[in-house]
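S.K.: This is the structure I want to talk about, given as structure tokens.
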Amino acid sequence: MDFFTGTVVSNRVISEKCHLMKVETEKVLDYKPGQFIMVRGWKGFDPLLPRPFAIYNWREEEGRPILSFVFKVVGRGTSILSGLREGDRVQVNGPLGNGFSPPEGKERFILAGGGIGFSAVLPVARSLVDSGKDVRVLLGARTAGEIPRIGYVEEADRDHLLITTDDGSFGEKGIVTDFLERELEEVGEKERTLLFACGPPRMLKKVQELAERFGIETYLSLENYMACGFGVCLGCVVDRRTEEGIIRVRVCREGPIFRSSEVEIYD
Amino acid sequence: MDFFTGTVVSNRVISEKCHLMKVETEKVLDYKPGQFIMVRGWKGFDPLLPRPFAIYNWREEEGRPILSFVFKVVGRGTSILSGLREGDRVQVNGPLGNGFSPPEGKERFILAGGGIGFSAVLPVARSLVDSGKDVRVLLGARTAGEIPRIGYVEEADRDHLLITTDDGSFGEKGIVTDFLERELEEVGEKERTLLFACGPPRMLKKVQELAERFGIETYLSLENYMACGFGVCLGCVVDRRTEEGIIRVRVCREGPIFRSSEVEIYD
Amino acid sequence: MIDLSVQIGKSRFKNPVFTASGTFGYGLEFSVFYDISQLGAVTVKGLSLEPVPGNPGPRIFETPSGMLNAIGLQNVGVREFVRSYLPRLRELGATVIANVYGKTEEEYASVAAILDEAEGVEAVELNISCPNVKEGGIAFGANPLLAHNVVSAVRKATEKTLIVKLSPNVTDITEIAVAVEEAGADSVSLINTLLGMVIDVERKRAVLGSTTGGLSGPAIKPVALRMVYQVSKKVKIPVIGIGGIMTYRDALEFFLAGATAIQVGTANFVNPLSALNILKDLEKYFEDEGIESLSQYVGSLAEVES
Amino acid sequence: MIDLSVQIGKSRFKNPVFTASGTFGYGLEFSVFYDISQLGAVTVKGLSLEPVPGNPGPRIFETPSGMLNAIGLQNVGVREFVRSYLPRLRELGATVIANVYGKTEEEYASVAAILDEAEGVEAVELNISCPNVKEGGIAFGANPLLAHNVVSAVRKATEKTLIVKLSPNVTDITEIAVAVEEAGADSVSLINTLLGMVIDVERKRAVLGSTTGGLSGPAIKPVALRMVYQVSKKVKIPVIGIGGIMTYRDALEFFLAGATAIQVGTANFVNPLSALNILKDLEKYFEDEGIESLSQYVGSLAEVES
Ligand SMILES: Cc1cc2nc3c(=O)[nH]c(=O)nc-3n(C[C@H](O)[C@H](O)[C@H](O)COP(=O)(O)OP(=O)(O)OC[C@H]3O[C@@H](n4cnc5c(N)ncnc54)[C@H](O)[C@@H]3O)c2cc1C
Ligand SMILES: Cc1cc2nc3c(=O)[nH]c(=O)nc-3n(C[C@H](O)[C@H](O)[C@H](O)COP(=O)(O)OP(=O)(O)OC[C@H]3O[C@@H](n4cnc5c(N)ncnc54)[C@H](O)[C@@H]3O)c2cc1C
Ligand SMILES: Cc1cc2nc3c(=O)[nH]c(=O)nc-3n(C[C@H](O)[C@H](O)[C@H](O)COP(=O)(O)O)c2cc1C
Ligand SMILES: Cc1cc2nc3c(=O)[nH]c(=O)nc-3n(C[C@H](O)[C@H](O)[C@H](O)COP(=O)(O)O)c2cc1C
Ligand code: FES
Ligand code: FES
């Protein structure tokens, strides 16, 4: 975890509303897939708070330490970020959160991302593929224009990656969780299978239901409004079921990745 | 007077801390030299208020209506403006203020600008030259790096324009008001001469004193902190001596150009 | 199109978008930008019995997402307003709310009495954030009894719709709201500015000529909205929401919190078209959302079960 | 280099830059970024007698140049704090101010009594912005008598330096400050958050789970500075300034207004190094300006002649 200022190297439009921003940093910091950063890239105090984004990648690129993240333009902060250009400076805090560590004994991984949820799903997928696991990725979007034109998605073979759109304008037509359901029906060894999902609350609620129905160990990457991102404001808590009852845990610190069975998703 | 959004065409550095920003507007609006605009070129509410700048020029350039103004980077708003680039959008309100109209019977004009004060002086000079008047311009800066590399200054002949620097690193060495004093000493027909000045308060105070001493009709372009720029907040008032006593007048509306003898300059 | 008109006291305003006193001059300057008769009402700069020169400068200063002002209630005086400005406002077709202040109850009442006879003044808005010189300078709006008394005095002096504008610099604004309601106010408007200060570190002195000043703008919106919400639950008269309203979304928040109408203040400086834009955007929003009645929308905030 | 140490009650703090309660966790998270023993003090999240789960979400929301929070004073309870967190803070060399709150006078006193015995707690800061359940929920800090009584009770329970943190949601904060000074407070700190609200227009409901919340950040700085200025003129005990301090320039304003020390709150979220940067920049500023004594600088605001 470090707090630093980096320089924007590129800020590419990768889908209708999404950008891939690359920031040159002083060095590459170790991170786990699923971890995130807090980013601030504007002067003045409005917007005030930095914004959380999943780390898409952090590695040497052409000899330079490059941190990249994907963001969807939804409001004031992301709209400012979308206007940044090469040479602009951004403040970064990270890596933050627990990130994803595959539990022992899992060989097959089904990953599902809805909407911008692909930003947390793809880094997890990549690291699992790299460590030789059997990975299946399902990405859902509303329409073709939302499919990110980004390395992983463009290069992955069709067996490995399934893309769905609600309107059928790209890939399979339908809701991603419907395809996930079919996928889960075919799972043979449930104990060796793990499900990981990131997406809008409604999707995660559905995933929770599927997880329970099929009895598959499932992890969800949650989002919550954040002020600090590193555990000091207690603003981002969610209720977690534990043996001692329900406790409030911080999405930014104990999360953002939680066992599906332990957390309550609010719409 | 109009309120509109324009597109930045260029934002050139013209001296150590000054930029010349050109903004494409829908059309060229009539303005008087000495009038100003309120400019806002950022998202969010911090900074909140637009910032006032003298109109440097507003004319067709290569078939496009181009509004240009000069700004010095002194704080938060101007620092954001300095980062704007071609294609960025700025909100403009203007032309505002009374502007400068040469009174009848004046043939010789002595104009003095201190620091960023040249931004109001040069448009006045240009319009007087254009209407065939005898014009003398004195511009003072602290050091060579502050001299604007801008058309008017670079093209003017040395008889017409005198540049001074406090440290002598460019032009004549000394304080601009000292040269102004010498200039005034040589003025023959006082009734036909007019003095116009814009600059920091200390300079204007000195100009006031010279004006009185030499008995030359003098106009000053004042600055004051402004919220609205068009007369509705009553934030920018100064005391003006009138026959009915002292009244509070708005720099943005009754000014920014006042008879030197009527206003009190505060440091 | 949805009927946006609202009833406040005796007055029917054509829509709920008004401007806030002190941020719209006497309304005339804005007519260069748009037809101000489109607005529900324009509230003019606070009027006193005699002309007031106001505070020495500096009078304004920007703060994060806000501004401080210490204009000192400079104004031409109520008589000059009625003589020189009101006729021009009437020509422009503007619906006028006259903002009023005084140093004593009597002064308030006198100004209101003059306005009572003025044609073209739709309503009177009392600014009770001013110090009561007879009570050691405590603001009328800081004490329920003082507030009650000044409103009673004015109520006797005018038949016009009487709006009382509340100060937010109090422990319990609902207490003041209830007091002025009892004294005969037709409506309360809130909030006036929060008392603030800024210091010039170089010069080691307060930036404003009067040391402290009033904070306005988006910075204060959360406080304003909270107060409007609280007051709306306590009084039966219509509440007018003011404070940091920059967009129609902000206005919607105030309506949901219980405001019958809103006033646009500092936003007028940031963008002279603000009030008009807010009105147009509201019309479009209500149409798009199929909302048919503003009065049903007002105060329709879902209460959190707790 | 200038000696920046300040005396507050029995305590000598090595410098006047503290962190504000609720914005620094229990201090531990920050030690990843810098050595927190460099700060004058760290104020930990408000402690109560028993652990408190806090409010349901959403708990925070950004506003223009500020944020609202409704954490609901979630904390591990004073005993767990003393057992598990305090030792680690002591290891880190941090000077600790324990922020305390309760629902009754007795509860405040009990928490203070436990802390009185805890080694490594330099001072106790009472958060009196909380509702007094025995008095129908009116905040201790909203009434001079309630404030006086709770401070008296705590004063008897602890020998430690006692700071009382004032609520800004009052008509006259100086009245409360004077009351707690008389009750034996060694210092007052101000301001706590301004009560605010924000509404989710889509869902037609308050954004925060608890409807209203506390406004903090640069937006409130002008109000905080005004109150620090007013209180500094009325009390003899040292004043600690809080509210929207983001840079050393802000801190200087508070010193000029009369604050002996300052607390950095929301800035910690915007930049985790804020408090440290403010300290370093202050040191540099005082050195560059040749200011030799902080105590002479404090309150050295030139008064405007009027
Ligand atoms: C751990 C984490 C990882 C995330 N990763 C990504 C990512 O990789 N790519 C991406 O595009 N987005 C990601 N998000 C969501 C992203 O942080 C928000 O979209 C962003 O903060 C919105 O900022 P804004 O200023 O544009 O929106 P605002 O103007 O602040 O708000 C616009 C809307 O977004 C909602 N919103 C604002 N902040 C958040 C937040 N922190 N979490 C959820 N909703 C919010 C608001 O309630 C509002 O409805 C992540 C969020 C979290 C918590
Ligand atoms: C009629 C008029 C015409 C002007 N013309 C020009 C021009 O052509 N070119 C140019 O560079 N500048 C001009 N100025 C000054 C310019 O408006 C300010 O420098 C600018 O607003 C500062 O903005 P900022 O956000 O960078 O500074 P801030 O961060 O707001 O403040 C930095 C410093 O500048 C001072 N300041 C801020 N605003 C003003 C203001 N409106 N007037 C005076 N001082 C201020 C502040 O007190 C502070 O000390 C003009 C001002 C006026 C009133
Ligand atoms: C420059 C200025 C002058 C003001 N003058 C008055 C006034 O004369 N009378 C009054 O009742 N309120 C006055 N106000 C307060 C506003 O009407 C309004 O209540 C306040 O600014 C909050 O709204 P806003 O945040 O939208 O500006 C003034 C505000 C400003 C900024
Ligand atoms: C998320 C958050 C939690 C807070 N929790 C507490 C608390 O537990 N006790 C307390 O006295 N103040 C608490 N405060 C108030 C701050 O200590 C401080 O008084 C206030 O935020 C103003 O300072 P700022 O603008 O620098 O943040 C909290 C503030 C925030 C933003
Ligand atoms: S965002 Fe502050 S604790 Fe999680
Ligand atoms: S700046 Fe508002 S009246 Fe001049």
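The values are calculated or read from the model by the stated rules, or taken from the named source; none is laboratory data. Quick caveat, the model's predicted, so the values are computed rather than measured. Neighbour counts run over all protein chains shown; Cβ positions are idealised from the backbone, glycine included.
S.K.: List, please: which pairs have Cβ atoms under 8 Å, are six or more places apart or on different chains, and start with a residue in region D:26-47 that is surrounded by fewer than 17 Cβ atoms within 10 Å (Cβ to Cβ) and end with one that is of a type in the set (D, E, K, R) and at pLDDT 95 or above?
M.R.: No pair meets every condition.
S.K.: Within region C:199-220, how many residues are more than 7 Å from every other protein chain (Cβ to nearest Cβ) and either more than 27 Å from D:E303 (Cα to Cα) or assigned to a helix (DSSP H, G or I) (or both)?
M.R.: Counting residues in region C:199-220 that are more than 7 Å from every other protein chain (Cβ to nearest Cβ) and either more than 27 Å from D:E303 (Cα to Cα) or assigned to a helix (DSSP H, G or I) (or both) gives 1.
S.K.: Of all residues being touching a residue at least 60 places away in the same chain (Cβ under 8 Å) and of a type in the set (A, V, I, L, M) in region C:240-258, which is nearest to ligand 3 (Cβ to nearest atom)? Just the residue, please.
M.R.: Here the residue is C:I242.
S.K.: Name every residue in region A:9-31 that is part of a loop (DSSP other than H, G, I, E, B) and either within 14 Å of chain B (Cβ to nearest Cβ) or of a type outside the set (D, E, K, R) (or both), in order of residue number. I'd like the intermediate steps shown before the answer.
M.R.: Within region A:9-31, the subset part of a loop (DSSP other than H, G, I, E, B) is A:14-17, A:25-31.
Those that are part of a loop (DSSP other than H, G, I, E, B) and either within 14 Å of chain B (Cβ to nearest Cβ) or of a type outside the set (D, E, K, R) (or both): A:I14, A:S15, A:T25, A:V28, A:L29, A:Y31.
S.K.: Do you know which of the residues in region B:69-99 that are under 21 Å from B:R149 (Cβ atoms) and within 17 Å of the chain's Cα centre (by Cα) is farthest from the other protein chains (Cβ to nearest Cβ)?
M.R.: B:V70
S.K.: Continuing with this model, one more query. Regarding region B:193-200, can at least one residue be identified that is surrounded by fewer than 19 Cβ atoms within 10 Å (Cβ to Cβ) and under 30 Å from C:N268 (Cβ atoms)?
M.R.: No; the residues of region B:193-200 include none that is surrounded by fewer than 19 Cβ atoms within 10 Å (Cβ to Cβ) and under 30 Å from C:N268 (Cβ atoms).
S.K.: Now for a separate question. Is region B:143-152 home to any residue that is among the acidic types (D, E), under 22 Å from B:A54 (Cβ atoms) and modelled with pLDDT of 90 or more?
M.R.: yes
S.K.: Identify, please: which residue in region D:50-72 is buried (at least 21 other Cβ atoms within 10 Å of the Cβ) and closer than 23 Å to D:T104 by Cβ and is, among those, modelled with the lowest pLDDT?
M.R.: Checking each candidate, the answer is D:N55.
S.K.: Now for a separate question. For region B:29-70, give me each residue that is within 16 Å of ligand 6 (Cβ to nearest atom) and hydrophobic (A, V, I, L, M, F, W, C).
M.R.: At the first step, the residues of region B:29-70 found to be within 16 Å of ligand 6 (Cβ to nearest atom) are B:34-40, B:47-54.
Scanning region B:29-70 gives B:F36, B:I37, B:M38, B:V39, B:L48, B:L49, B:F53, B:A54.
S.K.: If D:R12 meets every condition in (1) charged (D, E, K, R); (2) crowded, with 18+ Cβ neighbours inside 10 Å; (3) not in a helix (DSSP H, G or I) apart from one, which number is that one?
M.R.: Unmet condition: (2).
S.K.: Taking only pairs six or more apart or across chains, which ones have beta-carbon atoms under 9 Å, a first residue in region D:210-235 that is on the phi > 0 side of the Ramachandran plot, and a second residue that is surrounded by fewer than 24 Cβ atoms within 10 Å (Cβ to Cβ) and assigned to a helix (DSSP H, G or I)?
M.R.: Partner pairs satisfying both residue conditions: D:G217/D:V270.
S.K.: Let me ask another. When A:Y219 is evaluated against the numbered criteria (1) over 14 Å from the mean Cα position of the chain (by Cα); (2) under 17 Å from A:G117 (Cβ atoms), which criterion, by number, is the only one it fails?
M.R.: The single condition A:Y219 does not satisfy is (1).
S.K.: State whether one or more residues within region A:32-55 are more than 14 Å from every other protein chain (Cβ to nearest Cβ), surrounded by fewer than 22 Cβ atoms within 10 Å (Cβ to Cβ) and modelled with pLDDT of 95 or more.
M.R.: yes
S.K.: Considering only residues of region B:213-267 that are among the polar types (S, T, N, Q) and not in a helix (DSSP H, G or I), which is nearest to C:S274 (Cα to Cα)?
M.R.: B:N224
S.K.: Moving on to the next point. Going by the structure shown, is C:P87 without any contact (Cβ under 8 Å) to a residue 40 or more places away in the chain and away from ligand 4 (no atom under 16 Å from the Cβ)?
M.R.: Yes, satisfied.
S.K.: May I pose another question? Go through the residues of region C:235-247 one by one and say whether even a single one is within 11 Å of chain D (Cβ to nearest Cβ), within 16 Å of ligand 4 (Cβ to nearest atom) and among the small types (G, A, S).
M.R.: There is no residue in region C:235-247 that is within 11 Å of chain D (Cβ to nearest Cβ), within 16 Å of ligand 4 (Cβ to nearest atom) and among the small types (G, A, S).
S.K.: Give the residue, chosen from D:L194, D:L225, that is closer than 22 Å to D:V6 by Cα and either among the acidic types (D, E) or at the interface with another protein chain (Cβ under 7 Å from one of its Cβ atoms) (or both).
M.R.: From the options D:L194, D:L225, the qualifying one is D:L225.
S.K.: Tell me the residue from B:F230, B:F214 that is within 16 Å of ligand 2 (Cβ to nearest atom) and either in contact with a strand residue (DSSP E or B) (Cβ under 8 Å, 6 or more places away or on another chain) or not assigned by TED's automatic domain parsing to the domain that holds B:R51 (or both), please.
M.R.: B:F230
S.K.: Filter region B:100-113 down to residues that are within 17 Å of the chain's Cα centre (by Cα) and assigned to a loop (DSSP other than H, G, I, E, B), then give me how many there are.
M.R.: Qualifying residue count, region B:100-113: 3.
S.K.: Out of all the residues in region B:257-266, is one or more of a type in the set (V, I, T), within 16 Å of ligand 6 (Cβ to nearest atom) and over 17 Å from the mean Cα position of the chain (by Cα)?
M.R.: yes
S.K.: If you take the residues in region C:15-30 that are in contact with a helix residue (DSSP H, G or I) (Cβ under 9 Å, 6 or more places away or on another chain) and not in a loop (DSSP other than H, G, I, E, B), which one is nearest to the other protein chains (Cβ to nearest Cβ)?
M.R.: Of everything passing the filter in region C:15-30, C:F30 is nearest to the other protein chains (Cβ to nearest Cβ).
S.K.: Looking at region B:56-71 only, could you name the residues that are surrounded by fewer than 19 Cβ atoms within 10 Å (Cβ to Cβ) and either near ligand 2 (Cβ under 8 Å from one of its atoms) or without any contact (Cβ under 8 Å) to a residue 12 or more places away in the chain (or both)?
M.R.: B:E62, B:G63, listed by residue number.
S.K.: How do the pairs read when you match residues in region A:230-253 that are more than 10 Å from chain D (Cβ to nearest Cβ) with residues anywhere that are more than 12 Å from ligand 1 (Cβ to nearest atom) and of a type in the set (K, R), using Cβ under 6 Å and keeping only pairs 6 or more apart or on different chains?
M.R.: From residues that are more than 10 Å from chain D (Cβ to nearest Cβ), the pairs are A:V249/A:R240.
S.K.: Could you pull out the residue among A:G117, A:G145 that is surrounded by 15 or more Cβ atoms within 10 Å (Cβ to Cβ) and either of a type in the set (D, E, K, R) or closer than 24 Å to A:F71 by Cα (or both)?
M.R.: Every option except A:G117 fails the conditions.
S.K.: For the list (1) more than 8 Å from chain D (Cβ to nearest Cβ); (2) part of a loop (DSSP other than H, G, I, E, B), I need the number of the one condition that C:I262 fails.
M.R.: (2)
S.K.: Take the conditions in contact (Cβ under 8 Å) with a residue 40 or more places away in the chain and within 16 Å of ligand 4 (Cβ to nearest atom) and apply them to D:P56. Does it pass?
M.R.: Criteria met by D:P56.
S.K.: For region A:110-119, indicate whether the set of residues that are outside the structural domain of A:K27 (by TED's automatic domain parsing), of a type outside the set (K, R) and in contact with a Cys (Cβ under 6 Å, 6 or more places away or on another chain) is non-empty.
M.R.: There is at least one residue in region A:110-119 that is outside the structural domain of A:K27 (by TED's automatic domain parsing), of a type outside the set (K, R) and in contact with a Cys (Cβ under 6 Å, 6 or more places away or on another chain).
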